[in-house]
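Contents: one structure, followed by commentary.
The values are calculated or read from the model by the stated rules, or taken from the named source; none is laboratory data. From a predicted model like this one, the values you see are computed outputs, not experimental measurements. Neighbour counts run over all protein chains shown; Cβ positions are idealised from the backbone, glycine included. The area values use the complete protein model at the heavy-atom level, side chains included, leaving out ligands, DNA and RNA. Shrake-Rupley method; radii C 1.70, N 1.55, O 1.52, S 1.80 Å.
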Amino acid sequence: MYTNYYKRGDLDVENYQPYRRKNWFLSWLDGESGGAYYHVPRNVRVLDIGCGYCETLGYHQNRGCEAYGCDADENTRKIAERHGFRVKIGLFNSDDYERNYFDYVTMDHVLEHLVDPVATIRDVAKVLKSPDSSDSGGGRLVMVSPSPCSLSRYCFGNAWSGWHLPFHRQFFTKKSLHLLAEKTGFVVEKMVSATQSAILCANWALFVTPHAPGKRRSNDAFLRGKNGDVIEEDQKRLDVLFYLFLLKSRVFALPMRLADALGVGDWDLMILRKK
């Protein structure tokens with residue numbers, strides 16, 4: 001499904017750009033902290049599961065990290081090969097990596113796609129550094145997933161972009177995320193509502209613009225990368241134009257910051273430390 005129906009196949013690998021952090025004010029206003037990559041320090045060994053366009057791999061490398069990626073989408077291969085990234089195409093399997101190897105593993109909107117989250121997170125724990133082999137007390141797993149308790153979910157109902165069927169198979173509340181950490185050998189260091197404002201722009205664009213029945217409609221048509229870029233061929237679509245207007249005007253930036261502060265933003269972010 002990912003190779004055939006996600007839009008990465010349309011990406012021009014020659015126009016690839018690694019993710020770049022904004023200045024402190026725009027970073028806060030746009031909710032950059034809602035990305036798992038944001039919480040990875042410099043000069044560490046990191047694995048990004050679900051690396052997509054490899055923007056975060058370039059970002060991590062530019063900050064002195066030893067970066068690896070993994071993605072189920074075959075379209076990721078051409079980006080990785082063209083730009084020399086260490087990426088495994090396929091589902092994550094700890095047997096592909098050394099034990100106790102990584103300081104950080106990131107899963108940015110991957111958890112909700114998993115068939116068996118408990119088994120996968122236990123497998124991730126195997127490749128993270130143990131407390132006795134890490135100066136920081138154990139490797140960290142940073143995850144972001146859509147919150148079914150968000151204010152947007154109640155406002156949009158069945159039209160909430162977080163459902164994203166049939167790709168999203170699991171939904172976690174903050175309580176169930178804590179239970180997941182307990183079952184998989186992790187300690188919760190941080191659990192907050194942290195949402196990039198672009199997702200609310202995409203949801204409104206999808207909600208208010210007409211579309212033909214049977215046409216693929218997905219927030220992935222807008223959020224093709226960490227910078228909120230869209231592919232040129234789609235920029236004449238009414239929903240895309242509306243999305244770009246909302247994104248550039250930042251009309252939803254402050255409301256989303258308030259929702260996050262109240263714990264009812266669209267995304268939950270957690271930082272887990274391996275026991």
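Go through the residues of the range 158-168 one by one and say whether even a single one is in contact with a helix residue (DSSP H, G or I) (Cβ under 8 Å, 6 or more places away or on another chain), open to solvent by less than 40 Å² (accessible area, probe 1.4 Å), modelled with pLDDT of 95 or more and not charged (D, E, K, R).
Taking the range 158-168 as the starting set, the residues that turn out to be in contact with a helix residue (DSSP H, G or I) (Cβ under 8 Å, 6 or more places away or on another chain) are 159-162, 164, 167-168.
Restricting the remaining residues to those that are open to solvent by less than 40 Å² (accessible area, probe 1.4 Å) gives 160-162, 164, 167-168.
Of the ones still in play, those that are also modelled with pLDDT of 95 or more are none.
The answer is no, given that none of the residues of the range 158-168 is in contact with a helix residue (DSSP H, G or I) (Cβ under 8 Å, 6 or more places away or on another chain), open to solvent by less than 40 Å² (accessible area, probe 1.4 Å), modelled with pLDDT of 95 or more and not charged (D, E, K, R).
Where helices (runs of 4 or more DSSP H) sit wholly within the range 183-275, those with at least 2 residues that are at pLDDT 95 or above occupy 253-261.
Considering Ala72, Ala67, which residue is under 28 Å from Asp266 (Cβ atoms), touching a helix residue (DSSP H, G or I) at 6+ places or on another chain (Cβ under 6 Å) and surrounded by fewer than 20 Cβ atoms within 10 Å (Cβ to Cβ)?
On the way: Ala67 fails: surrounded by fewer than 20 Cβ atoms within 10 Å (Cβ to Cβ).
After ruling out the rest, the residue left standing is Ala72.
Among the residues of the range 112-147, those identified as open to solvent by less than 20 Å² (accessible area, probe 1.4 Å) and either among the basic types (Lys, Arg) or under 18 Å from the mean Cα position of the chain (by Cα) (or both) are Glu112, Pro117, Ile121, Val124, Leu141, Val142, Met143, Val144, Ser145, Pro146, Ser147. Yes or no: the range 71-87 includes at least one residue that is farther than 22 Å from Met191 by Cα and in contact with an Asp or Glu (Cβ under 7 Å, 6 or more places away or on another chain). Among the residues of the range 71-87, at least one is farther than 22 Å from Met191 by Cα and in contact with an Asp or Glu (Cβ under 7 Å, 6 or more places away or on another chain), which makes the answer yes. Of the helices (runs of 4 or more DSSP H) contained entirely in the range 1-98, those carrying at least 1 residues that are free of Cβ contacts under 8 Å to residues at least 40 places away in the same chain and over 29 Å from Gly138 (Cβ atoms) fall at 2-5, 24-29, 76-83. From the list Tyr97, Tyr104, the lone residue that is more than 29 Å from Asp266 (Cα to Cα) and aromatic (Phe, Trp, Tyr) is Tyr97.
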